[in-house]
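Values quoted throughout were computed directly from the atomic coordinates according to the rules given, and no laboratory measurement underlies them. This is a predicted model, so every value here is computed, not measured. Don't worry about glycine lacking a Cβ; one is built from the backbone with ideal geometry, like all the others, and counts go over all protein chains shown.
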Amino acid sequence: MTMFGCQARPKTPTIIEKVCPQCGHEIEMFSIDSQMPCEHCGFVAYNDTLSCVQWCAHAKECVGEEMYNAMMEIVENQKRERRA
């Protein structure tokens, strides 16, 4: 649930289209999804636009603790992948 007046997130989820790096198939996910598997090959694509959780003091309250933890795990995975 988005907090009233939050400027960092749209009030209505949008659709994000990504290209699967493994097979080239289009992956569609909502802006509120943290990850989505490719329907064609199963590769898991992450929503890398979920950056507000990294800096917003109200992120945990805004998206809920479970979603917050999932998003922060994705952020950490992305950091590890960049270092490799």
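When only C-alpha pairs under 8 Å and at least 6 residues apart count, what is the relative contact order of region 22-84, in percent?
Details: 52 pairs, mean separation 14.6, N = 63.
Normalised by residue count, the contact order of region 22-84 is 23 percent.
Between GLU65 and ILE32, how many nm apart are label points set 7 Å from Cα along the C-beta direction?
Here the modelled spin labels are 2.0 nm apart.
HN-Hα J couplings of region 57-71 from phi, Karplus 6.51/-1.76/1.60, θ = phi - 60°, integer Hz, Gly and Pro as x?
5, 9, 4, 4, 5, 5, 9, x, 5, 4, 5, 4, 4, 5, 5
Quick one: Debye curve from the alpha-carbon atoms of region 14-78 only, equal weights, vacuum; give me log10 I(q)/I(0) at q = 0.23, 0.29 Å⁻¹ to two decimals.
-0.94, -1.24
Among CYS56, CYS41, GLN78, whose Cα lies farthest out toward the positive end of the dipole of region 34-84, if unit charges sit on the beta carbon of Lys, Arg (+1) and Asp, Glu (-1)?
Checked the options; the winner is GLN78.
Long-range amide H contacts for HIS25: which residues qualify at under 5 Å (H placed 1.01 Å from N, peptide plane, sequence gap of 5 or more or a different chain)?
So HIS25 has HN proximity to CYS20.
Kindly write out, for region 31-41 in residue order, the coupling ³J(HN,Hα) from the Karplus curve 6.51 cos²θ - 1.76 cosθ + 1.60 (θ = phi - 60°), rounded to whole Hz, with x marking Gly and Pro.
In residue order, the calculated couplings are 4, 8, 6, 8, 7, 8, x, 5, 5, 8, 10 Hz.
Could you list which residues have their amide H under 5 Å from that of PHE43, counting only those 5 or more apart in sequence or on another chain, with H placed in the peptide plane?
CYS38
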